[in-house]
Amino acid sequence: MSILDWNKSLEIGHKTIDEQHKGLVKLLNDLHSAMSLGVACADYTPIRMRLYEYSVLHFSEEEALMGRTGYKLRAEHEREHQEFMGKLEVLAQKASSRNEDIGTEMFTWLADWLLRHISQTDRKLVECLNSDAKMV
C-alpha cells in the first residue's frame, strides 16, 4: 500500500536524481506498509538499513555532481545530507537501545524531510545545473 505515489510534481528534471528519489519514495512506502501491517519495530531494521545504504549512494552522487560543477550552495546542501544521516542514526539508536517503536516518528520525519529536500534543495541544484550558473 503506497502512501506517496511518485508523480510529475516530484520530478526536478535530472534523470539520475529523479530515479534515485523514486527509490527513496519506495523506501518510504515500504516503511508505511510495514507499519500498516503491524510489523514490530525491530523488524524495521532491514528498511532502515536499505534507507541508510541508498541514502549514502544518493548523497555521494549528488555531492560528486556538486563538486564537478562548482556549485556554490554545496556546503549548505551537504549539511542537509549530514543532518539527515545523523537523524537516521539517532532513530536507529532509539530503536535498538530502548526497543522503542520509532515507526511513526521515522515515517513522519522521513516524509517531511524528503519532500522538502526534493522540492527546495535539490530543485535549486538542478535549476542551477540547467542554467549553467554556479549559484541560484
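Summary of values
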{"read-out": "Single condition Pro46 does not satisfy, out of (1) in contact (Cβ under 8 Å) with a residue 24 or more places away in the chain; (2) in a helix (DSSP H, G or I); (3) surrounded by fewer than 16 Cβ atoms within 10 Å (Cβ to Cβ)", "value": "(1)"}
{"read-out": "Subset of segment 49-81 [of a type in the set (Lys, Arg), part of a helix (DSSP H, G or I) and over 20 Å from Val25 (Cβ atoms)]", "value": "Arg68, Arg74, Arg79"}
{"read-out": "Pair list, Cβ < 6 Å and 6+ apart or interchain, from segment 54-75 residues that are acidic (Asp, Glu) to residues that are part of a helix (DSSP H, G or I)", "value": "Glu63/Glu78"}
{"read-out": "Restricting segment 65-84 to residues that are at pLDDT 95 or above and loosely packed, with under 15 Cβ neighbours inside 10 Å, the residue that is nearest to Phe107 (Cα to Cα)", "value": "Glu83"}
{"read-out": "Qualifying position, being in contact with a helix residue (DSSP H, G or I) (Cβ under 6 Å, 6 or more places away or on another chain) and either loosely packed, with under 14 Cβ neighbours inside 10 Å or on the phi > 0 side of the Ramachandran plot (or both), among Ser36, Ser60, Ser9, Ser2", "value": "Ser2"}
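The values are calculated or read from the model by the stated rules, or taken from the named source; none is laboratory data. Note that the coordinates shown come from a computational prediction; the quantities given were computed from them, not determined experimentally. Neighbour counts are summed over all protein chains in view; Cβ atoms, including those assigned to glycine, are modelled from backbone coordinates with ideal geometry.
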